[in-house]
Structures are given as structure tokens and as C-alpha cells.
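Any read-out appearing in this document is the output of simple, stated calculations on the displayed coordinates, not a laboratory observation. Quick caveat: nothing in here was measured; it's all calculated off a predicted structure. Counting neighbours? That spans all protein chains shown, and the Cβs are built from the backbone with ideal geometry, glycine included.
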Amino acid sequence: MMAFGFLSRIMGLVRTKYIAYLFGHGTDAFYGAFLLPDMISYFLVGGALSATLVTILTRYRDTGREAEEEHSLSVILTTMFLVLSGAILIAEFLAPLYVHRMFPGFDEQKARQCIQLTRILLPAQLCFFASGVFGAVLFVRKQFSVQGIAPLIYNLGTIAGGLLLVKHLGISSLAVGTVAGAFLGNFLLNALFVHRAGLRLRPILDWRDEGLREWVRLSLPLMAGVSLVSADGWIITHFASSSDGAITLMNVAKQLFAAPIAVLAGAAGAASMPFFASLWTQERRYEFAIGVADSVSRVASLGFLAASAMAALAQPIVELIYLGGRFSAADCRTCAAYFAIFSVSLFLWSAQAIYSRAFYAAGNTMLPMIAATAVTLVSIPIYASLYRLHGAMGLAVASDLGIALQTVSLALLLHQRRMVSLASLDYIEMARCLLAALVSGTAVGLLFWWLGGVLHEAMPGRTQWIDLAVLIAGTALWLAIVKWVLEKTGSALPRVAMNRLGLG
């Protein structure tokens, strides 16, 4: 999952690079067009469709009820396809009203463009819903590769749409390609592998089905509540609409930040979910608690280390990937600042992904969603205040503060309910990694801040080859400092890493 997550985000960066190259920071309408489709999917099928289904399907599998599993999946798929299709049709008509309310800072031209793109993107949510259902089936069967490949095809669809249609459709070509990628990757590929797994899903309406009722019970809290994990992007986009280009630059930084999140939080969370669910179903509470705590300790430790490198080397990373075409050096500097601020919260995004799945594995979606909704409501004034004080940069800081509240609330709830004790975390190893992160990040950041000024004066027109050399040198120096600090503090991480790489 980590390997495919990494490849997926690399392809996502290629996609973002291509969009930035073509349109620079003038894609506010394109990124804004994703919000209404995302909200419909979130509120109608829940913020964690695959996670809730994994809990149900694991129980069917563990008790040998494969026929009931197939029937329930068919019912859920049929029912929600009808509901989601109706919602999409309504959204097509209401898109103009939504865009004007959600993006008050858009001028008329940008608003019209956003409405058109929104209407093109809306049907793709049917493909994402099907992908969630099919993904749950494959996760329970310990088949993770398809969910890693599907995003690659999805991102390729956007790029192909631009390459083939940009001269005729302009920025709308990206939306058309996105829908095509969603159909081929998220829907068709998953459907083929589910068929190969032996399931024969068919259209069925059965309101009395046990699996449907349980899925609705687990999903209703996710539909009624709002988690900051999803709302963070919505809130940022709403406020940033008043600053020209801010939506684009913050989305570019967020998508770059999403690469390590996919490797740490996404992969670890998705792969661990079936195992957590199985342990809880078998009432192995101690193993469940230790498993969750160990997972959180590992991803948080790695999150500290990765964040220090990302923040210290933000400028050469962004310039190497995005500089070119209509994406200027000034765009890169602003984007790098956003990226560095977002990077600080990497360990929090990673930890909350594990904690939330611990609740889902135990069949409890109500409590975490109540807490997440409360955190979101408390966070909105923070976003608004920091935006008024510091503009779009304040939104990046507010994002970090919000996800910190989200993570702490989930950890405390699990501790209070005696599901996962806070005392089970490996504080010693996390402290070692935090120290290594602070020392290496500070040293590399200061060195390359000074070196960047020297290079700018000596080579004002330097190429991306120079940025690549700076990035390689900075990474090598960062690795050396991290290794030295971890070894001096008694951490086994360097030795384990070397052994895993076959260098020990």
C-alpha cells in the first residue's frame, strides 16, 4: 500500500505539474469545482464508506456467511446508486447558486467557469462510490494493490484529457479527463477484480436487508457530521476565494503535502483496518489496543522525521517540481511557504488516520464523528480570524491547529473508553525521532536558507538542475544528521531501516 500510495502521489504531482504548467495560478475555478461533488459524496455516502463496510464484511467472512455478504453488497450498491444519482441531478441545477454562495470572492467570469466545471465533474462521484464498495470487498480479502493502481489511472485521465482536448475545450478538458479516469480506474478496474474474486453483484432493492441497515446505522453519523479531515479543504477554499490565485497555490501545496500523507497515513490506515476489525470481532482487546498504539507510534515517529526534511527543503522541492510554463518563481516561493507550514502537521494527519480507523473497526462511528464535528465548528472561527490577520498564510496555520485538535480529541476518547491507552504509545522512540527532526531540520534549513541567497546572487537565472543538486545535497545532509542523532540516542530505527533496505 505504501509503494502504490507513493506511486499514486507521484502521478498526482505530475498531474498537478501539468496543470500548473498550462495555466499557472489561474486554476482557482478548476480546484473550486471539486468542492460540490466532494460534499455530495461525503454527506450522502459517508466520509469513510470503505472503512464502515470493512467492519461489516469482516464479520460476514469470519462467520462464513459469504452468500449474505454478496446479497448485502448488491443491496447497498443499488440503493446508494439511486440516491446518489438523484442528488447529482439536483446538484446540476443548483450549481450556480452553490458557486456564488461558496466562493463570494469569484468574479462573474471565474464563477461561470467554476459552474461549468462543477457540472462536468459531478457524475464522477458514482464511480468513487462504487470504488469504495469494491475496495472494501478487496480489503477484506487482503487484496490491496487495486486500490493503489486506481488513483494512477485517475490521474492519467486528467493528463490525457489535457493533452488531447486542451486546444478545443481549454481548462474544461481537465474535467473531462478527470471523469474518464474515474470511470476507468475507480469503477471499471475495481469491478473487474471484484468479479475475479468470485462476487456476482446485481441490482437488488431490499429495505429489510440486515447489511444495508447496519451500514446505514454506521454511516449516518458520518453523513450527519463533518470531519475536519474533509472540511479543511472546503474551509480553506471558501476563504481563499477572495485572494486571486490563492486557491490554486494552496491546492498545489496541499497536493504536494498529500504525497507523504498517502504513504504514511493513507497506506497504514487502509492496510491496518481489516486487521483491527478482525481483532475487535474476535474480542482480542489487548492485541487491538497494542496494535493501534504501535501503529500510531510508528507513523508519528516517521512523520516527525519526514516533516523536518519537507519544511527545510520546501523551496527546492517546489521549484524542482512546479517551476516552468506559466507557474513562475514567485508562485513557487508562495507555494513553498504554504507547503512548509502544512508539513509541520504531517505526524498529526498520520496519527488521526489510525485513531479514526480504530473506532470504525470497533463499529463505533457516532462518537468520533460527534467529536470531529465539534472540532470543525470550533475551528471555523480560527480559520476566519487567522485569514483576517495573515491572509492565505493564516489559513495554512489554522489547518495545522485544526488537525491538532482533531487528533487529540480522538486519542482522548479512545483512552477514556479504555480502547487504546495513551500510556501504550512509544514516547521514548517518538522523542528520539522528534529530537532528530528538530536538529536535522534546523541545521539543513539554516544552511540552505544561506546557500539559497548565495546561489540567487551568483546565478539569478539558475536552472532546475541546480535545484535538483541542492535537493540531493540537502537530503544527504539531512539523512546523515538524522542517523547520527538517532544512533546517539539509542534508537534502533537506523539499523532496522538499513536491514530492510538490505544494507545492514
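Details
- Electrostatic dipole magnitude of the stretch 33-224 [Cβ: Lys, Arg +1; Asp, Glu -1; Cα centre; debye, to 20]: 240 debye
- Local electrostatic count at SER399 - Lys and Arg +1, Asp and Glu -1, tallied over other residues with Cβ under 14 Å: -1
- Calculated diffusion of the chain, Stokes-Einstein form, Kirkwood radius summed over Cα pairs, 37 °C and 0.692 mPa s, µm²/s: 139 µm²/s
- Span-like helix ranges in the chain, DSSP H, alpha carbon extent 24 angstrom or more, Kyte mean at least 0.5: 2-23, 66-102, 124-140, 145-169, 285-312, 366-390, 392-416, 427-458, 464-488
- Relative contact order computed over the stretch 355-411 (Cα-Cα under 8 Å; 6+ residues apart), in percent: 41 percent
- For the stretch 287-420: rounded, prolate or oblate by the Cα gyration tensor [a/c cutoff 1.5]: oblate
- For the chain, the Cβ-based charge dipole about the Cα centre amounts to some 480 debye (Lys, Arg positive; Asp, Glu negative; other atoms uncharged).
- Applying D = kT/(6 pi eta Rh) to the stretch 266-349, where Rh is the Kirkwood radius over alpha-carbon pairs, T corresponds to 25 °C and eta to 0.890 mPa s, the Stokes-Einstein value obtained is 162 µm²/s.
- When you filter the trypsin sites (Lys or Arg not before Pro) in the stretch 112-193 for DSSP loop state and at most 10 other Cβ atoms inside 10 Å of their Cβ, you are left with LYS142.
- Since only TYR60, ALA231, GLY132 are under comparison, the one whose Cα sits farthest along the positive direction of the charge dipole of the chain, derived from C-beta charges on Lys, Arg, Asp and Glu, is TYR60.
- Considering helices alone, the calculated mean residue ellipticity of the chain at 222 nm is -27000 deg cm²/dmol, with DSSP H runs of length four and up weighted by -39500 (n - 2.57) and normalised per residue.
- With a Cα cut-off of under 26 Å and a minimum spacing of 8 residues unless on different chains, the lysine pairs in the chain number 5.
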